[in-house]
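Heads up, the thing below is written out as structure tokens.
The values are calculated or read from the model by the stated rules, or taken from the named source; none is laboratory data. On a predicted model such as this, the values are computed, not experimentally measured, just so you know. As a convention, Cβ positions derive from the backbone with ideal geometry for all residues, glycine included, and neighbour counts pool all protein chains shown.
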């Protein structure tokens, strides 16, 4: 049983209407890109958690089940995808899940990613005075990063850590 003449005309008019509204061809992919990068900010990028209790879901909506709960505010996460008001994040352990944008801060933090304590120096130079030893998995606030050093703050102490000991900043990323 084939399509009747009326149905073929309706389909043709409907498709022409979609084209007139920019819903076919290139316009469709533009609309999809908008949805998948709704903030317009760079992806991937590092951010931190605003709250001490953040639910991570299996998908980008409240109807999706909770995978786990972060219980440490300020923790850095990497946004790897966006959908509307939801952000798919990856943590220091490589785990991924979806978080609502209201639970994320643009404040930059990092995690000391080392098996041993890491020296925090007074200046971005290993010959300068050692101010403290920072234990693994501690969260530091990132003030700026350039070359191989990042200016950090932890519990009222400010100094410099070598970039390669911090998870939460890209290899060649510079910011202040």
- Of all residues in region 44-62, which are in contact (Cβ under 8 Å) with a residue 24 or more places away in the chain and within 23 Å of residue 140 (Cα to Cα)? 44, 45, 46, 47, 48, 49, 50, 51, 54, 55, 56
- Just give me the residues in region 82-117 being closer than 21 Å to residue 161 by Cα, touching a helix residue (DSSP H, G or I) at 6+ places or on another chain (Cβ under 7 Å) and not in a strand (DSSP E or B), in sequence order. 113, 114
- State yes or no: is residue 152 assigned by TED's automatic domain parsing to the domain that holds residue 56 and at pLDDT 95 or above? no
- Those residues that are more than 24 Å from the chain's Cα centre (by Cα) and in a strand (DSSP E or B), I need them from region 151-167; list them, please. 157, 158, 159
- Message: Restricting to region 63-105, name every residue that is without any contact (Cβ under 8 Å) to a residue 24 or more places away in the chain, surrounded by 13 or more Cβ atoms within 10 Å (Cβ to Cβ) and under 19 Å from residue 138 (Cβ atoms).
- Response: 70, 91
- Message: Of the residues 43, 79, only one is under 22 Å from residue 166 (Cβ atoms), part of a loop (DSSP other than H, G, I, E, B) and either assigned by TED's automatic domain parsing to the domain that holds residue 138 or under 15 Å from the mean Cα position of the chain (by Cα) (or both); which?
- Response: 43
